[in-house]
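Below is one structure, written out as structure tokens; the observations come after it.
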Amino acid sequence: MELRRPTRYTTEMTKPSRQDGRRAVELRPVKIATDFVGTADGSCLIATGGTRVICTASFVEGVDKWRKGTGQGWVTAEYGMLPASTGQRKSRPGAKPDGRSVEIQRLIGRVLRTIVRFDRLGENSIYLDCDVLEADGGTRTAAINGAYVALAMATERLARQGKIQPGAVAGAVAAISVGVVDGRVLLDLDYSEDSRAEVDANIAMTSGGKFVEVQCSSEGPPFGPSQLDGMLQAARRGIVRMLRLQRQAMTEACDA
């Protein structure tokens, strides 16, 4: 049997720029508008390139039956795409969300819960709602990044109001997409890149440099440890930048 030469992956800056002019490991333009929904305990509109997601955090007294009597609270998430978010109208899910939405909202909840001190919430719940206005790739990572901002701002306000104890959010977390397109490791894929990626990954990491979630799958030939390493390095670089942008948005909100 003839052995094929392994696919080479690269993030070299000398390679031709991407369709939108970005370097291989450069984020799309990011804008975070805090307090976008005035009636929510915490909220933001996050725009990552052509992807826009509204994220809100809502405080609800009490917890589900399985959590009662523990003295601890809970954080959960819901995710959905508005009908016109993809250009071609997407049907509303009705009473039960579709399988993709369920998988994504579970991901958002898992990632955000890693930085929450549940004992400081008391037996109360915080719901994170992420609604996609426009989708151009990376909606789940944008939702995580916006949900963190909404959650962090909400818990600070709730603590000042005496509804929960201070320090309910014990750190920061962010996520980014990364993949291999035409043999190159690319960060923060838009839809045109994601739709033809040979390898696609979504990676979440805390401000302490610890990975929370690594979702990675091949859409073509299998990839090796060195290629995974390259994607993790690119993702780490992008997440550090995203954490800085989240912090900057919240600082500006406090100063306003």
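Read-outs throughout are calculated quantities, based only on the coordinates presented, and are distinct from any laboratory measurement. Keep in mind it's a predicted model, so treat the numbers as computed, not measured. Positions of Cβ are backbone-derived with ideal geometry, glycine not excepted, and every protein chain shown enters the neighbour counts.
Annotations for the structure displayed:
- The angle between the Cα long axis of helix 139-160 and the main principal axis of the chain comes to about 20°, on a 0 to 90 degree scale.
- Cα-derived Rg to Rh of region 178-226, Kirkwood definition: 1.00
- Hull-based mean projected area of the chain, where the convex hull spans the alpha carbons, in square nanometres: 16.4 nm²
- Angle between the chain longest axis and helix 99-113 axis [Cα atoms, degrees, rounded to 10]: 70 degrees
- Length gained on full extension, Thr114 to Phe211, computed as 0.36 nm times the residue gap minus the Cα-Cα distance: 33.9 nm.
- Volume per residue of the C-alpha convex hull in region 120-256, rounded to whole Å³: 126 Å³
- Options Ala135, Ala77, Asn202, ranked by Cα towards positive dipole end of region 30-255, top entry (Cβ charges): Ala77
- Residues of region 20-47 falling in the label zone of Lys163, defined by backbone nitrogen less than 13 Å from a point 7 Å along Cα to beta-carbon, are 39-43.
- In a simple Cβ point-charge model (Lys, Arg +1; Asp, Glu -1; nothing else charged), the chain has a dipole of about 340 debye relative to its Cα centre.
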